[in-house]
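The values are calculated or read from the model by the stated rules, or taken from the named source; none is laboratory data. This is a predicted model, so every value here is computed, not measured. Cβ placement follows ideal geometry from the backbone for every residue including glycine, while neighbour counts extend to all protein chains displayed.
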Amino acid sequence: MEQYDLIVIGSGPAGEKAAIQAAQYRKKTAVIETRGVVGGVCVHTGTLPSKTLRETVLYLAGLKQRSVYGVVCSVKSDVTVGELMYRTRHVIQNELEVIQNKLMRNGIAVISGRGRLASAHEVEVAGDSGDVRTFSTEAIVIAAGSRPHRDPAITFDDRLVFDSETILKLDRIPRSMVIIGGGIIGCEYACIFGHLGVAVTLIDSKPRLMPFLDHEISDTLTHLMRKGGIKVILEDRKEAMKTGDDQVTITIKGGREIVADKALYATGRVGNTVGLGLEKAGVRVDERGLILVDENFHTGVEKVYAVGDIIGFPALASVSMDQGRLAARHAFGRQEVRLNALLPYGVYTIPEVSIVGETEESLSKRGIPYAAGTAHFYELARGQIAGDHDGLLKLIFCPHTHKLYGVHIVGQDAADLVHVGQAVISFNGTIDFFVDTVFNFPTMSEAYKVAALNGMANLQSTAGTADVRGQG
């Protein structure tokens, strides 16, 4: 029986970083991957393909929107998904080469097959031919990822009805599409297909899209999606669905019917815990099938850890990478470091949305007074140059100390811009930093200065009154 110091099940962002961290401690490490090629869902069917497709669509549709340059383009009516995914294939192949080179340089073995726990220190790997090999190990990191949740009452034929992974296999761009679920994935795909000229209807049972967002950001995004031709139906849900004659008919509350060429279900994801042999090692899962871990990502079973989507929230590739590193550090007794609780979120809708820190709602619930300052992108010279007239950046801060609590952005480069605010929050900074700092001109980062000045002006206009937000 071959012996390893660490075996990682899954080669997505979490598994890759766990393996590399252990290898850098000179531990003999192996990664088990079902697909036969590394990268996990993130590279093959999730983050990379969807975001590259978005970039392609943004390029094509963006020229159409920004006719200020004197060029008007439109997407040809018979464009195929294969043509749009051309760039995606290159991106995936290049990323695979990068990951494979990293694993090879660190001397990490890649074992093809389906891994499962035989005990707390043994892992079985079943190959395609049915052969089973057993490996012993000092520590195990489970990073098997997640898959789209599929309603058992719905028939997913991947012809008319798709989930968030199989939608990338569309043979052609449909004329119309109905999307069930107004979370991150549903909104991202609604924007992608909406900007391709597809008549998109998005249905969600909640009163707001992505309610974890600041209300002003969520409302702005909803307005912009509707402005772009996407029909957004909130506080409603699917009551029934039928397929036939190359169409999907969805019945919502009140008996209203929505007919479309295709349907996409984007109602969350579930952990890939089935068939992992967790019960043999005594690893516990919750009612949603997610593995239970402590703050060190330890399952409570000797040296068995779990990281990434398979442990649930926040299920972000960026966070999963650090979870993998920290789990490997803890497994081999290195200095204990907790995961930074200040997590940025990037939502790749069109336009982008990104947030970090507190929202108005979270502060209000705790009775913490706050003030806010806003910069609209049309106020920025760079916003005018780029043609982004709808974006905004919002700062939430303490009205007394000016300490920055949260940053909320919708618009061009939001997922990049947010890190400036993240750094200031991390160092307990105030919005005075933005007021007193010189920013390059013209840039989108200048929005921080404009928003900070707006926040200061808001404080002056309410001085001596009791209407500071979060109070009274």
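The figures follow:
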item: Condition broken by Gly228, with the remaining ones in (1) modelled with pLDDT of 95 or more; (2) closer than 24 Å to Ser50 by Cα; (3) not charged (D, E, K, R) satisfied; result: (1)
item: Failed item, numbered, when Val200 is tested on (1) surrounded by fewer than 22 Cβ atoms within 10 Å (Cβ to Cβ); (2) in contact (Cβ under 8 Å) with a residue 12 or more places away in the chain; (3) outside the structural domain of Gly300 (by TED's automatic domain parsing); result: (1)
item: Residues located in region 151-170, provided they are touching a helix residue (DSSP H, G or I) at 6+ places or on another chain (Cβ under 8 Å), assigned to a loop (DSSP other than H, G, I, E, B) and closer than 16 Å to Ala260 by Cα; result: Phe156, Asp158, Leu170
item: Extreme residue, surrounded by the fewest Cβ atoms within 10 Å (Cβ to Cβ), among residues of region 226-265 that are in contact with a strand residue (DSSP E or B) (Cβ under 6 Å, 6 or more places away or on another chain) and under 14 Å from Ile192 (Cα atoms); result: Arg226
item: Val407 being assigned to a helix (DSSP H, G or I) and within 28 Å of Ala317 (Cα to Cα); result: no
item: Residue selected from region 321-352 under the condition among the charged types (D, E, K, R) and over 20 Å from Leu48 (Cβ atoms), by the criterion surrounded by the fewest Cβ atoms within 10 Å (Cβ to Cβ); result: Arg338
item: Members of region 146-161 that are at pLDDT below 90 and either at positive phi or aromatic (Phe, Trp, Tyr) (or both); result: Asp158
item: Test: Leu264 is assigned to a strand (DSSP E or B) and under 22 Å from the mean Cα position of the chain (by Cα); result: yes
item: Failed item in (1) in contact (Cβ under 8 Å) with a residue 40 or more places away in the chain; (2) out of contact with any Lys or Arg (no Cβ under 6 Å at 6 or more places or on another chain), with Tyr370 passing the rest; result: (2)
